[in-house]
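Visitor: Quick one: structure below, then a few questions.
The values are calculated or read from the model by the stated rules, or taken from the named source; none is laboratory data. Note that the structure is predicted; figures quoted are calculated from it, not measured. Glycine also receives a Cβ, built like all others from the backbone with ideal geometry; neighbour counts cover every protein chain displayed.
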Amino acid sequence: MTKKMSDAEQREHLEKKYRELDANNDGGVSLKEFIKDTQGFAKVIRQHVWEYFNANQDDGLSLDEYLDTQGAKP
């Protein structure tokens, strides 16, 4: 049986994944970085997910945007 993660564990896991997406460690995830990490998905799916994650539709995905879309609690 799989143990359910606590809110803190879930947030830590999501922050780790975000840091992995941020290949150049500049504190933001660019579309190029996002696409590189999601190569197995169709282009239309990647674009839809990017637009969903990137709520303010700027050039990068912030940690806060990423966490908000994942339902992570502070």
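Visitor: Within region 9-25, count every residue that is more than 10 Å from the chain's Cα centre (by Cα) and surrounded by 11 or more Cβ atoms within 10 Å (Cβ to Cβ).
Guide: So the count comes out to 6.
Visitor: Now, a different point. Being out of contact with any Gly (no Cβ under 8 Å at 6 or more places or on another chain), surrounded by 11 or more Cβ atoms within 10 Å (Cβ to Cβ), hydrophobic (A, V, I, L, M, F, W, C) and at pLDDT 90 or above: is that true of Phe34 here?
Guide: Values: out of contact with any Gly (no Cβ under 8 Å at 6 or more places or on another chain): yes; surrounded by 11 or more Cβ atoms within 10 Å (Cβ to Cβ): yes; hydrophobic (A, V, I, L, M, F, W, C): yes; at pLDDT 90 or above: yes.
When the stated conditions are applied, Phe34 passes them.
Visitor: Quick check on Lys4: is it out of contact with any Gly (no Cβ under 9 Å at 6 or more places or on another chain) and part of a helix (DSSP H, G or I)? Full working, then the answer.
Guide: On the way: out of contact with any Gly (no Cβ under 9 Å at 6 or more places or on another chain): yes; part of a helix (DSSP H, G or I): no.
Answer is no for this residue.
Visitor: Among the candidates Asp37, Asp59, single out the residue that is out of contact with any helix residue (DSSP H, G or I) (no Cβ under 6 Å at 6 or more places or on another chain) and of a type in the set (D, E, K, R). Outline the logic, then answer.
Guide: Values: Asp37 fails: out of contact with any helix residue (DSSP H, G or I) (no Cβ under 6 Å at 6 or more places or on another chain).
Within the list Asp37, Asp59, the selection yields Asp59.
Visitor: Quick one: Val49 ticks every box in (1) β-branched (Val, Ile, Thr); (2) in a loop (DSSP other than H, G, I, E, B); (3) touching a Ser or Thr at 6+ places or on another chain (Cβ under 9 Å) bar one, so which box is it?
Guide: Here Val49 meets the rest and fails (2).
Visitor: If you don't mind, there's one more thing I want to ask. Enumerate the pairs (first residue in region 52-65 and closer than 12 Å to Leu21 by Cβ and assigned to a helix (DSSP H, G or I); second residue anywhere and modelled with pLDDT of 90 or more and among the aliphatic types (A, V, I, L, M)) with beta-carbon separation below 8 Å, excluding pairs fewer than 6 apart on the same chain, so at least 6 apart or on different chains.
Guide: What qualifies is Phe53/Leu61.
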